[in-house]
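Asker: One structure, pasted below without further comment.
Where a number appears in this text, it was derived from the coordinates with a stated rule and is not lab data. Remember, predicted model here, so these are calculated numbers, not experimental data. Note: ideal-geometry Cβ built from the backbone for every residue, glycine included; neighbour counts use all protein chains shown.
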Amino acid sequence: MNHAVDLDAYLQRIGYGGPVAADLRTLKALTTAHVAAIPFENIDPLLGIPVSLELDAIERKLVKSGRGGYCFEQNGLLMAVLKAIGFDVSGLIARVLWNKPEDAIVAQTHMVLRVELDGESWLADVGFGSMALGGALRLQPDVAQATSLEPFRLITNGTAWRMQANVRDEWKTLYRFDLQPREAIDYVVANHFTSTYPESHFLHGLIVARALADRRLGLRDREYVEHRFGAESVRRTLRDAGEIMQVLREQFGIRLPAHPELERRLDSLPMSARAAL
């Protein structure tokens with residue numbers, strides 16, 4: 001029997017108390033609340049714990065256990081929620097180009113959602129870590145669109161699309177994708193790659209992010225940063241596992257797993273060259 005998502009528990013988890021319906025207002029409100037409440041994090045792959053994409057496992061982890069997750073978990077949960085509300089939603093898959101050359105050849109490792117609403121197509125993506133999309137984008141090229149954070153836009157050559165964000169007055173590509181709907185097995189294969197491939201960055205460093213109304217929070221290994229709009233970013237280096245766990249709890253709202261290797265693994269995280277100087 002297919003697992004039915006607990007919609008009330010999800011809405012409580014993201015702190016949303018308004019009405020829900022299969023409309024644009026609800027789509028934008030849920031996605032904005034989601035990225036503020038449920039952080040992006042890769043603690044399980046870092047600890048060598050398998051990442052399950054079964055809906056009951058995702059719900060137990062992200063909704064009921066106070067954890068976060070990465071794109072397949074985040075957007076997998078959102079897809080189930082949107083379908084439960086009555087949205088027409090399908091999954092796409094993308095090649096991540098963030099901080100890479102525009103012509104980089106990389107694997108398809110990112111899940112994106114396409115929502116059909118009142119004769120228009122929209123994109124939703126609550127799982128892109130440091131640049132998670134608060135709100136939704138109309139599937140329309142070459143138009144800067146407001147979100148709860150930075151402006152985003154889509155560009156296309158007629159076949160491939162690119163998602164871009166305006167960061168410090170510069171358009172930067174997050175990923176490229178096409179509009180071919182994907183089956184669940186495609187995400188299972190991609191998830192296996194990202195969570196177990198020996199060279200996957202999710203296995204070797206801590207990556208945590210949260211998008212609030214006025215700022216983005218990020219943690220990469222020991223480097224914690226707050227990006228506030230209209231102000232200089234604030235950074236600090238965390239000294240040890242104790243400080244890292246404190247930030248994970250207090251700034252990202254993560255209920256840490258009771259894992260015997262957690263403190264040792266966090267203590268082993270490298271300090272950036274900049275921080276070491």
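Asker: Which FRET efficiency, nearest 0.05, do His3 and Val189 yield, Cβ-Cβ r, R0 22 Å?
Answerer: 0.60
Asker: Under a straight-distance cross-link criterion of Cα-Cα below 20 Å, which lysines are reachable from Lys100, leaving out those fewer than 8 residues away in the same chain?
Answerer: Here the lysines satisfying the reach criterion relative to Lys100 are Lys172.
Asker: Now for a separate question. Classify segment 23-172 as rounded, prolate or oblate from the Cα gyration tensor: take a ≥ b ≥ c as the square roots of its eigenvalues, call it rounded if a/c is under 1.5, otherwise prolate when a/b beats b/c and oblate if not.
Answerer: Oblate.
Asker: Relative contact order of segment 201-276: what whole-number percent is it, with Cα pairs under 8 angstrom and at least 6 residues apart?
Answerer: Relative contact order for segment 201-276 comes out at 25 percent.
Asker: For segment 98-248, just say rounded, prolate or oblate: build the C-alpha gyration tensor, square-root its eigenvalues into a ≥ b ≥ c, call rounded for a/c under 1.5, and beyond that prolate if a/b exceeds b/c, oblate if not.
Answerer: Note, shape of segment 98-248 comes out oblate.
Asker: For segment 173-223, rounded, prolate or oblate, judged on the Cα gyration tensor with a ≥ b ≥ c (square roots of eigenvalues), a/c < 1.5 rounded, else prolate if a/b > b/c?
Answerer: oblate
Asker: List the lysines whose Cα sits under 21 Å from the Cα of Lys83, skipping any in the same chain fewer than 8 residues away.
Answerer: Partners within reach: Lys28, Lys61, Lys64.
Asker: Please report, in debye to the nearest 20, how large the charge dipole of the chain is about its Cα centre when each Lys and Arg carries +1 at its beta carbon and each Asp and Glu carries -1 there.
Answerer: 580 debye
Asker: If you don't mind, there's one more thing I want to ask. Which of the following values of Kirkwood radius over Cα pairs in Å was calculated from the structure shown: [x] 18.6; [y] 19.1; [z] 20.1?
Answerer: Here Kirkwood radius over Cα pairs in Å agrees with entry [y].
Asker: Give me the net charge for the shell around Val35: Cβ to Cβ below 14 angstrom, other residues only, Lys and Arg +1, Asp and Glu -1.
Answerer: 0
Asker: Could you give the dipole magnitude of segment 201-276 about its Cα centre, charging the beta-carbon of Lys and Arg +1 and that of Asp and Glu -1, in debye to the nearest 20?
Answerer: Value, rounded to 20: 180 debye.
Asker: Each residue of segment 152-159 in turn: what ³J(HN,Hα) in whole Hz from Karplus with 6.51, -1.76, 1.60 and θ = phi - 60°, glycine and Pro shown as x?
Answerer: Going residue by residue, I get 10, 8, 10, 10, 8, 9, x, 10 Hz, with x marking Gly and Pro.
Asker: A follow-up question, please. Arranged from highest to lowest average of other beta-carbon atoms within 10 Å per residue, in what order do the peptides 114-127, 63-76 appear?
Answerer: Output ranking for 114-127, 63-76: 63-76, 114-127.
Asker: Pulled fully out, how much extra length does the chain show between Ala57 and Glu263, if you take 0.36 nm times their separation in residues and subtract their Cα-Cα distance?
Answerer: Answer, rounded to one decimal: 71.8 nm.
Asker: Same structure again: Pulled fully out, how much extra length does the chain show between Ala144 and Glu102, if you take 0.36 nm times their separation in residues and subtract their Cα-Cα distance?
Answerer: In short, 13.2 nm is gained.
Asker: Something else now. What is the extension gain from Val234 to Thr159, computed as 0.36 nm multiplied by their sequence separation minus the C-alpha to C-alpha distance, in nm to one decimal?
Answerer: Extra length available between Val234 and Thr159 comes to 23.0 nm.
Asker: Moving on to the next point. Among Leu149, Gln251, Ala80, whose Cα sits farthest toward the positive end of the charge dipole of the chain (+1 at Cβ of Lys/Arg, -1 at Cβ of Asp/Glu, about the Cα centre)?
Answerer: Value: Gln251.
Asker: Summing +1 for each Lys or Arg and -1 for each Asp or Glu, what net charge is found among the other residues whose Cβ lies under 12 Å from the Cβ of Val234?
Answerer: Around Val234, the charge tally is +2.
Asker: Counting alpha carbon pairs within less than 8 Å and at least 6 residues apart, what relative contact order, in whole percent, applies to the chain?
Answerer: Averaging sequence separation for qualifying contacts and normalising by length gives 18 percent for the chain.
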